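As structure tokens, the structure follows; a few thoughts come after it.
The values are calculated or read from the model by the stated rules, or taken from the named source; none is laboratory data. Keep in mind that what you see is a predicted model, and the values were worked out from it rather than measured. Glycine also receives a Cβ, built like all others from the backbone with ideal geometry; neighbour counts cover every protein chain displayed.
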Amino acid sequence: MHIPDGFLDITTATITYIIFIVFGYYALRKSRGMLESEMISFVSILAAAIFAAQMLNWPLPGGTSLHFVGGALAGILLGPWLGFLTICSVVLVQALIFHDGGITTLGANALNMAIIAVLIGHSSYELLIRNFGNRDSIRFLGAFLGGWLGIIIAGAAAAIQIGYSQSFPYGLAITFPVMVGWHVVLGIIEGIITALSIIYLSRRAPQLLSVERGVK
Amino acid sequence: MKTLIFLVTIILVSPIFGIILADIVGFHEPLDIAAEKVELHDLSKDMNWTPLFNYTIPDLSPEIGYIISGLLGIATILGAGLVFKRRGKQH
């Protein structure tokens, strides 16, 4: 999911950086009142846990791998604004310290993982809970769909960004089916891990879930 | 403390998945597969700025480098959280 340097042209990189900065500014403003001492601890612990989980690459026979991305989990637990800050801190550490994901593509990577995956995860979960109630089965389904769709749509966004890069005008026909195809399958695992985490936390500490706190 | 032990455990076992099994399978991320098909060139190594490139540490084995990088990443995130928390209290 992390797009390296050299994969995006200047226009795509600039547009995605602008979206990232504008969204980031808005997210910081919106989360100002939420960032109390306990919440900062929770955000940093969740970010550290997602960073650690992303290091568990599960290689699959056939030559691909999967790892947990965590955007939907952060979105469901913290809401879209704090969820963005959580994944954003992970993406920043990965890019700046370990060069996992490029510096020219940082805007695109943040857009895909910290904005799209978080928003889709949060919205899918909230939609189901608001319409069908907060039973365990609905929580599971909402979190699964959030994780699964979040990964697919983030993967599709990455495919579009690479495919539409000016240097490769015919790339989309290849990047889109490959990226979306793989993420439809790999996203199932993301959905299951997200759903199990949410079920566990909803029983042990329901106050941690953003929907329970009324965060929008 | 329990969370910290859990995180350190994940990092300690991570080279099994991130390095050893990955080498056996010869994995590529979906993005790498797509990039290969459209012949994209990864410039990461050409414009690298960090000695910890891709979770490695110079002169250390990939497994140990991966573990130390993981611990460093976690420490950076938790440390940043601590700084924000203290600054919040001061204000």
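Can B:GLY18 be described as within 7 Å of chain A (Cβ to nearest Cβ), at positive phi and modelled with pLDDT under 85?
Values: within 7 Å of chain A (Cβ to nearest Cβ): yes; at positive phi: no; modelled with pLDDT under 85: yes.
For B:GLY18, the condition - within 7 Å of chain A (Cβ to nearest Cβ), at positive phi and modelled with pLDDT under 85 - is not met.
Against the definition (of a type in the set (Val, Ile, Thr), surrounded by fewer than 21 Cβ atoms within 10 Å (Cβ to Cβ) and either touching a residue at least 12 places away in the same chain (Cβ under 8 Å) or part of a loop (DSSP other than H, G, I, E, B) (or both)), how does A:THR11 come out, yes or no?
Working: of a type in the set (Val, Ile, Thr): yes; surrounded by fewer than 21 Cβ atoms within 10 Å (Cβ to Cβ): yes; either touching a residue at least 12 places away in the same chain (Cβ under 8 Å) or part of a loop (DSSP other than H, G, I, E, B) (or both): yes.
So A:THR11 passes the test.
Determine the pairs where a residue that is more than 7 Å from every other protein chain (Cβ to nearest Cβ), located within region B:65-77, has a partner that is in a helix (DSSP H, G or I) and among the polar types (S, T, N, Q) with Cβ atoms under 9 Å apart, the partner being 6 or more residues away or on another chain.
B:TYR66/B:SER14; B:ILE67/B:SER14
Assess whether A:ILE174 counts as being more than 9 Å from every other protein chain (Cβ to nearest Cβ), assigned to a helix (DSSP H, G or I) and either out of contact with any Cys (no Cβ under 8 Å at 6 or more places or on another chain) or closer than 19 Å to A:MET1 by Cα (or both). Write out each step before concluding.
Working: more than 9 Å from every other protein chain (Cβ to nearest Cβ): no; assigned to a helix (DSSP H, G or I): yes; either out of contact with any Cys (no Cβ under 8 Å at 6 or more places or on another chain) or closer than 19 Å to A:MET1 by Cα (or both): yes.
The answer is no for A:ILE174.
Let's see how each residue does on (1) facing chain B (nearest Cβ under 9 Å); (2) charged (D, E, K, R); (3) in a helix (DSSP H, G or I):
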residue: A:GLY121; (1), (2), (3): no, no, yes
residue: A:TYR125; (1), (2), (3): no, no, yes
residue: A:ASN134; (1), (2), (3): no, no, no
residue: A:LEU141; (1), (2), (3): no, no, yes
residue: A:GLY150; (1), (2), (3): no, no, yes
residue: A:ILE153; (1), (2), (3): no, no, yes
residue: A:ALA158; (1), (2), (3): yes, no, yes
residue: A:VAL184; (1), (2), (3): no, no, yes
residue: A:GLY187; (1), (2), (3): no, no, yes
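Out of A:ALA117, A:ALA95, A:ALA110, report the one residue that is hydrophobic (A, V, I, L, M, F, W, C), in contact with a Phe, Trp or Tyr (Cβ under 8 Å, 6 or more places away or on another chain) and within 29 Å of B:TYR66 (Cβ to Cβ).
Details: A:ALA117 fails: in contact with a Phe, Trp or Tyr (Cβ under 8 Å, 6 or more places away or on another chain); A:ALA95 fails: in contact with a Phe, Trp or Tyr (Cβ under 8 Å, 6 or more places away or on another chain).
None of the others qualify; the one that does is A:ALA110.
Identify all residues within region A:7-24 that are touching a helix residue (DSSP H, G or I) at 6+ places or on another chain (Cβ under 9 Å) and within 14 Å of chain B (Cβ to nearest Cβ); write none if there are none. Spell out how you get there, then give the answer.
Of region A:7-24, the ones touching a helix residue (DSSP H, G or I) at 6+ places or on another chain (Cβ under 9 Å) are A:7-8, A:12-21, A:23-24.
Result: A:PHE7, A:LEU8, A:THR12, A:ALA13.
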